[in-house]
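The values are calculated or read from the model by the stated rules, or taken from the named source; none is laboratory data. The structure presented is a predicted model; accordingly, all values stated were derived computationally and were not measured. Using ideal geometry, Cβ is built from the backbone for each residue, glycine included, and neighbour counts are taken over all protein chains shown. What goes into the accessible areas is simple: the full protein's heavy atoms, side chains included, and nothing from ligands, DNA or RNA. Shrake-Rupley method; radii C 1.70, N 1.55, O 1.52, S 1.80 Å.
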Amino acid sequence: MVVGSSKPPLQVVLGSLSSDTISKQCGAAASRDNSTAYILGTSASALKLKIDGRVPMEDRKAPLSQFRPKSLMLSTVRVVAINTSSTLSTYFSDQLQSEQDNEKLVDDGEITPYEADEMNEEWESREWRKRMDVLPSKIGYALLRFHTCTILMRFYEFIAGRYILCVDGNARLEGGSIPGRDNSTYEHSVDVMDKLTRDPFQASLRTSQILHNQEHSPGKVISSDGKETSTSSELCKQMYTTCLWANIIPFLAELTVQHGVLLYGYGMYYMEKKRKRKEREMSNSDSEEQCNDEQDEAEPVDESAYALSILFRSCHLTFSRGVSLIAASVGGAVGSAIYPGWGAVFGIQIGDTSVGALLD
């Protein structure tokens, strides 16, 4: 069994072989860390590979990548499966509740068992038809919402990369620096952008593999603060941070869509109420109808009340998504410890769904 190695650690740097700046950086890093430095590629920018061998921002998706055949098929199957299972679970839950209510009526002597069976069959037939008729439109709305959120995610990534962190396009100089900032600041910006665009599935697999390779005894590693801890605990700790960063942009996109739906719903309700009120004012010939609508007419369309209601709902949505972000990150961390990869994906989904069910 090989306990250690006398070879210096390997340091790989992306950059140009003809760049003097990069060569000096590599030489200085090699002498300081006793590492072997290599330069790969022909780009003039110098970016160190991550500890897991990734190129920084490697997990970042291309714009409109969700419309590629494979991605589109997988996302469609996922959305259809989630909405179908949700509809079926709700149907069976409501069916059980309806049958329990009918059984209670039978116990109280209000109906006979035969009448209860007829009521159950009528409920099943009516509700099954109604929910299956609504399911296609529900799936279509879910697909539209999914692709809208994904497009917003790519848009926010573009804004962050081009204008906020300045790591994309012409925002940085060819030397790998940003106008007015040094190279260390640029590397920090790249690191932040990399965290924001990580893929939790791949990150879970890579982090788990790295920690298992770093074990100095079965199930034990040295944590980042220098203390001995279990591999699963360190994996949960690192994956919580990873999921928290990686979910910021997706949750922000989802929050934006929810606010758009909220404003659209309030706007349509406000315009419809104003239209009906105007129609009532123009049609005064029917005194009976005017009498019946007297109470509604007495209620003015108060813009301040609508604004206050929208503000309250907006704060509730923001708080709910913030709690969901934390719960999803915890779920991803726990799921990674149970089963790296898919465990992180399902953990994030479960954390988000559970908080949504409690607060929405």
TODO: Would you mind working out the accessible area per residue for segment 75-214, using a 1.4 Å probe, and quoting it in Å²?
DONE: 59
TODO: Give me the accessible area of residue 264, 1.4 Å probe, in Å² rounded to the nearest 10.
DONE: 150
TODO: Could you calculate the contour length gain from residue 163 to residue 215, that is, 0.36 nm times the residue separation minus the distance between their Cα atoms, to one decimal place in nm?
DONE: 14.6 nm
Task: Computed FRET value (nearest 0.05) for residue 137 with residue 82, which takes r as the C-beta separation and R₀ as 22 Å - done: 0.90
Task: Under 17 Å from the Cα of residue 61 - lysines, other chains or at least 8 residues apart - done: 70, 195
- [ ] For residue 275 paired with residue 123, estimate the spin-label separation in nm (one decimal), with each label point 7 Å from Cα along the Cα-to-Cβ line.
- [x] 3.7
Open item on the list: Counting only protein heavy atoms and a 1.4 Å probe, tell me what percentage of segment 189-274's accessible area is made up of carbon and sulfur.
Closed with: 61
TODO: List every residue whose amide H lies under 5 Å from the amide H of residue 48, counting only residues 5 or more places away in sequence or on a different chain, with H placed 1.01 Å from N in the peptide plane.
DONE: 14
TODO: Report the one residue of 74, 55, 84 whose Cα lies farthest in the direction of the positive end of the charge dipole of segment 50-94 (charges on C-beta: Lys and Arg +1, Asp and Glu -1; origin at the Cα centre).
DONE: 55
Task: Accessible area (Å², 1.4 Å probe, nearest 10) - residue 326 - done: 90
- [ ] Whenever you get a sec, compute what percent of the accessible area on segment 310-352 sits on carbon and sulfur atoms (1.4 Å probe).
- [x] 81
Open item on the list: Among the listed pairs 50/138; 138/274; 130/273, which have their C-alpha atoms separated by more than 31 angstrom in this model?
Closed with: 50/138
TODO: Starting from the Cα-Cα distance between residue 319 and residue 99, subtract it from 0.36 nm times their residue separation and give me the gain in nm to one decimal.
DONE: 75.5 nm
Open item on the list: Quick check: residue separation of residue 311 and residue 358 times 0.36 nm, minus the Cα distance between them. What number comes out in nm?
Closed with: 14.9 nm
- [ ] Between residue 59 and residue 107, with labels modelled 7 Å along Cα→Cβ, what's the label distance in nm to one decimal, could you check?
- [x] 5.1
Task: For segment 56-207, size of Cβ-based charge dipole, Lys and Arg +1, Asp and Glu -1, in debye - done: 1660
TODO: Calculate, for segment 303-346, the solvent-accessible area per residue in square angstrom, rolling a 1.4 angstrom probe over the heavy atoms of the protein chains.
DONE: 54
